[in-house]
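First comes the structure, then the notes that go with it.
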Ligand SMILES: Cc1cc2nc3c(=O)[nH]c(=O)nc-3n(C[C@H](O)[C@H](O)[C@H](O)COP(=O)(O)OP(=O)(O)OC[C@H]3O[C@@H](n4cnc5c(N)ncnc54)[C@H](O)[C@@H]3O)c2cc1C
């Protein structure tokens, strides 16, 4: 039995979720006493494979072929299928990216299996994994057990595992040349999707005031915007605020938004879901304002105010103005 983590890169750059998935692999490997290997797939991937040799891994597979120069679902499925068979991996983990969503379900079905997607935790029971994933927009956690002897395929949700827990070590690189045939690759790769340039660079901000669903409606956003202005801070938000269109997407902090590390991060009416925390836990000082004393945000906060933001924020603004005037 062994664990294989299939990393993701675009050109010479890693997808940062790959590191979190590698950390998940190491964590589960340590629990089960299983060797963990990583794979990098593409063409001209020597430097990326080399980078992985500095991690605590049994092996680094450099899966290289001319037909893997650009991502295609057929090419990647065939290449990783051959690697899984050759390596004998019993647990195959991926970061839950768009690319993985595209090809990994098809790969899993080649083994008569399914991909357990968007996993937030893995528990081992009787030597078999139980994958935990969110259901109904995060309201419930579901346990997923896959029948059969594996291989088990799972993709890990962004932010669910911490990349800073990655263990260093030394690992050998093993070149793996899959047998691919151009005729069986049906997709024609186009230029990769590029996000438009961001007008707001939250990563450079020293102070950030971030607003969450506690603000209740769009019309109330100016209350928190006034606090940001009084502090000379950038205004940011949790995902539901941006999803609702109350603030632009580029102001979203979290696993699917920006990762920030300001001197001060003030979270106003934000519960502290893991996907938000991963985007701001690097802040030097975290201040939380929340009416629920049990909100997870208080677990990471250096200073906390348990109270109604509609009372606390105006009072804070008044005090800041007084302090500035004196
Ligand atoms: C794949 C995936 C990616 C995600 N990416 C992100 C991401 O990048 N960023 C992100 O933020 N989320 C992300 N999420 C969503 C995340 O799971 C949470 O749903 C979200 O962070 C919750 O936002 P919130 O804290 O504003 O809202 P809620 O969880 O609803 O919390 C609102 C908080 O406001 C408090 N409150 C209510 N009224 C008041 C009041 N009057 N005064 C003071 N406090 C009050 C409540 O006590 C509560 O704690 C992602 C989810 C998934 C599944």
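Over the Cα atoms of the chain, Rg to Rh with Kirkwood Rh, two decimal places?
That ratio is 1.04, to two decimals.
What span do the alpha-carbon atoms of the range 133-271 cover on each of the three principal axes, reported in whole Å from largest to smallest?
In descending order, the Cα extents are 61, 38, 37 Å.
For the range 133-189, state the average projected area of the convex hull of the C-alpha atoms over all orientations, rounded to one decimal in nm². Before the final figure, lay out the partial values.
Values: hull surface 35.1 nm².
Computed as one quarter of the Cα hull surface, the answer is 8.8 nm².
State the three equivalent ellipsoid semi-axes of the range 1-45, derived from the C-alpha gyration tensor as the square roots of 5 times its eigenvalues, in descending order and whole Å.
Details: eigenvalues 101, 25, 5 Å².
Output for the range 1-45: semi-axes of 22, 11, 5 Å.
Per the helix-only calculation at 222 nm, which mean residue ellipticity applies to the chain, given -39500 (n - 2.57) for every DSSP H run of n ≥ 4 and division by its residues, nearest 500 deg cm²/dmol?
Numbers: 9 runs with 95 residues, N = 326.
Computed ellipticity for the chain at 222 nm equals -8500 deg cm²/dmol.
Rounded if a/c is under 1.5, else prolate if a/b beats b/c, else oblate: with a ≥ b ≥ c from the C-alpha gyration tensor eigenvalues square-rooted, which is the range 198-326? All intermediate terms of the calculation are to be shown ahead of the outcome.
Details: a/c = 1.29, a/b = 1.21, b/c = 1.06.
Since a/c stays below 1.5, the shape of the range 198-326 is classed as rounded.
Pull out the extension gain between residue 110 and residue 53, defined as 0.36 nm times the separation in residues minus the alpha carbon to alpha carbon distance; nm, one decimal.
17.6 nm is the gain from fully extending residue 110 to residue 53.
Find the Rg to Rh ratio for the range 1-134, where Rh is the Kirkwood radius over alpha-carbon pairs and Rg uses the same atoms.
Numbers: Rg = 13.9 Å, Rh = 14.9 Å.
That ratio equals 0.93.
For helix 17-32, report the angle its Cα long axis makes with the longest principal axis of the Cα atoms of the chain; keep it between 0 and 90° and round to the nearest 10°.
70
For a quick protection proxy, order the peptides 145-152, 21-28, 163-170 by their average other-Cβ count within 10 Å, most packed first. Can you show the working numbers first?
Details: 145-152: 15.5, 21-28: 24.2, 163-170: 12.2.
With the highest mean Cβ count within 10 Å placed first, the list reads 21-28, 145-152, 163-170.
Need one word for the range 100-140: rounded, prolate or oblate. Basis is the Cα gyration tensor (sqrt eigenvalues a ≥ b ≥ c); a/c below 1.5 gives rounded, then a/b vs b/c decides. Please list the in-between numbers first.
On the way: a/c = 2.88, a/b = 1.21, b/c = 2.38.
Note, shape of the range 100-140 comes out oblate.
Would you compute the Debye intensity of the range 51-208 from its alpha-carbon atoms alone, equal scatterers and no solvent, and pass along log10 I(q)/I(0) at q = 0.12 Å⁻¹ to two decimals?
-0.69
Which percent, to the nearest 5, of DSSP beta bridges fully inside the chain are antiparallel? Please list the in-between numbers first.
Values: 15 of 60 bridges.
If we restrict to bridges inside the chain, about 25 percent are antiparallel.
Quick one: if the Förster radius is 51 Å, what FRET efficiency do residue 292 and residue 191 give, using the C-beta to C-beta distance and rounding to 0.05? Numbers along the way, then the final one.
Numbers: r = 46 Å, r/R0 = 0.91.
Efficiency for this residue pair is about 0.65.
Highest first, please rank the peptides 268-281, 230-243 by the mean number of other Cβ atoms sitting within 10 Å of their residues. Before the final figure, lay out the partial values.
Values: 268-281: 23.2, 230-243: 20.9.
Taking the mean over residues of other Cβ atoms within 10 Å, the ranking is 268-281, 230-243.
Expressed as an acute angle from 0 to 90° and rounded to the nearest 10, what is the orientation of the C-alpha long axis of helix 98-110 relative to the principal long axis of the chain?
40
Give me the extension gain from residue 12 to residue 216: residue separation times 0.36 nm, minus the current Cα-Cα distance, reported in nm with one decimal. The partial results should precede the final answer.
Numbers: separation 204, 0.36 × 204 = 73.44 nm, distance 4.27 nm.
Result: 69.2 nm gained on full extension.
No lab work stands behind these numbers, since they all come straight from the coordinates. All values derive from a computational prediction rather than experimental measurement. Every residue, glycine among them, receives a Cβ derived from its backbone with ideal geometry; neighbour counts consider all protein chains shown.
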